[in-house]
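Have a look at the structure below, then the notes.
The values are calculated or read from the model by the stated rules, or taken from the named source; none is laboratory data. These figures come from a predicted structure and were not determined experimentally. A quick note on method: Cβ atoms are made from the backbone with ideal geometry, for glycine too, and the neighbour counts reach across all protein chains shown. The area values use the complete protein model at the heavy-atom level, side chains included, leaving out ligands, DNA and RNA. Shrake-Rupley method; radii C 1.70, N 1.55, O 1.52, S 1.80 Å.
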Amino acid sequence: MPAEERGADAVAVVSQRAALATAEAKTGPNSIATLPSLYQLINNAVVGREETNALARRALAIAEAQGAPAIARLPLEISVRETASADIWKNGAYARAVTPLLSMPVYANDPKSRATILLLIAESTRSRSRRAVLLQQVVDVTGLAANDPMRVGALIRLASLQQQAGDTAMARTTFDQSGLSASQCAILDAPPRLVSAGGVFPNEAMAWGFEGVTKTQFDVGADGKVINQRAVLSYPPFVFTKAGVQTMAGARYTKTYRPDGGVGCGGLSQNVRFRLPG
């Protein structure tokens, strides 16, 4: 793969299309040399859904023809299914699109691929009980190494669900199976989910008719409470800085299990927008 380009996708797409055209001219439209450019275009937000789906199908066909291993084909297969419908964002749609991959021998018989699919489905599932079942299935995948990142990540997520359910003892037991220390677990854990946020529109800004935004950074404790909140950007300057910080100070995230009760996730960023009613 070429080095990731810096800057906006709208700028990068030009060079990505040019690179694809060059590869096609040199080695043909179905050569393995086209895969890097195809992959970049598939993951470029500027490219529309329908074109992305066509590019993903093309890339997958090339990967299959070239005998690519299952774990290399899987991202392309998932891209095909993610972009097949405009309704993928609806509740349960992602799981319905991806679950059939578990029955395909190429992925079902590859431990890493199977664990990846299960973990992705778990991340998209809103039901805690269903998510716990899926995470346990990742842990139990036959042939997956004890220290495999997918297995370790599933154990950490499972421990957090057990903590949220009030079973601290089981959360500790599950976490210990990961083999990680308290300072390592955030590397393979999922960011906590926002549960609620408060906030008040500043009276002065309301009277002036101002709208604005404050970009905040903060840490989230294992208990889901925001700590160390701070503003890194505010527009208009100074008008919404305090209100933006106060909004995040009152926000609550899902609880995360940490053996020392420390920070669940550090260095999160969130924009707080202030808009006038109507």
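Here the peptides 26-33, 106-113 are ranked by packing, the mean other Cβ count within 10 Å, and the order with the highest first is 106-113, 26-33.
Computed from the coordinates I sent, volume of the Cα convex hull per residue in Å³ equals one of (i) 121; (ii) 163; (iii) 132. Tell me the label. Working out volume of the Cα convex hull per residue in Å³ from the coordinates points to (ii). Each residue of the range 231-236 was assigned a 3J(HN,Hα) from its phi angle through the Karplus expression (A = 6.51, B = -1.76, C = 1.60, θ = phi - 60°), giving 8, 10, 7, 9, 9, x Hz with x at Gly and Pro. Net charge of the neighbourhood of Arg273, taken over other residues with C-beta under 14 Å away and scored Lys/Arg +1, Asp/Glu -1, is +1. Counting only protein chain heavy atoms and rolling a 1.4 Å probe, the accessible areas of Arg57, Arg252 rank, largest first, as Arg57, Arg252. Applying both filters, DSSP loop and at most 16 other Cβ atoms within 10 Å, to the chymotrypsin sites (Phe, Trp or Tyr not before Pro) of the range 211-248 gives Phe238. Within the full protein context, the accessible area of Ile121 is estimated at about 10 Å² for a probe radius of 1.4 Å. For the chain, the 222 nm mean residue ellipticity estimated from helices alone, with every DSSP H stretch of n ≥ 4 adding -39500 (n - 2.57) and the total spread over all residues, rounds to -15000 deg cm²/dmol. Rolling a 1.4 Å probe over the protein heavy atoms gives the chain an accessible area of 54 Å² per residue.
Compared with the alpha-carbon gap, the fully stretched path from Asp176 to Glu123 is longer by 16.9 nm at 0.36 nm per residue. Run the quick spin-label model on Ser85 and Thr22: label points 7 Å from Cα toward the beta carbon, then report their separation in nm to one decimal. Going from the Ser85 label point to the Thr22 one covers 4.0 nm.
Each residue was assigned an accessible area with a 1.4 Å probe, and for Lys225 the value is about 100 Å².
Extension gain, Asn109-Arg57: 0.36 nm per intervening residue step, less the Cα-Cα distance, totals 16.5 nm. The distance separating the Cα centre of the range 39-67 from that of the range 212-250 comes to 38 Å. A cut-off of 5 Å between modelled amide H atoms, ignoring neighbours fewer than 5 places along the same chain, links Ile227 with Asp219, Val220, Gly221. Relative to the Cα centre, the charge distribution of the range 1-113, modelled as +1 at Lys and Arg Cβ and -1 at Asp and Glu Cβ, gives a dipole magnitude of about 100 debye.
Among the helices of the chain, those built from whole DSSP H runs whose Cα atoms reach 18 Å or more along their own axis and whose mean Kyte-Doolittle hydropathy is at least 0.0 are 9-27, 111-124, 149-164.
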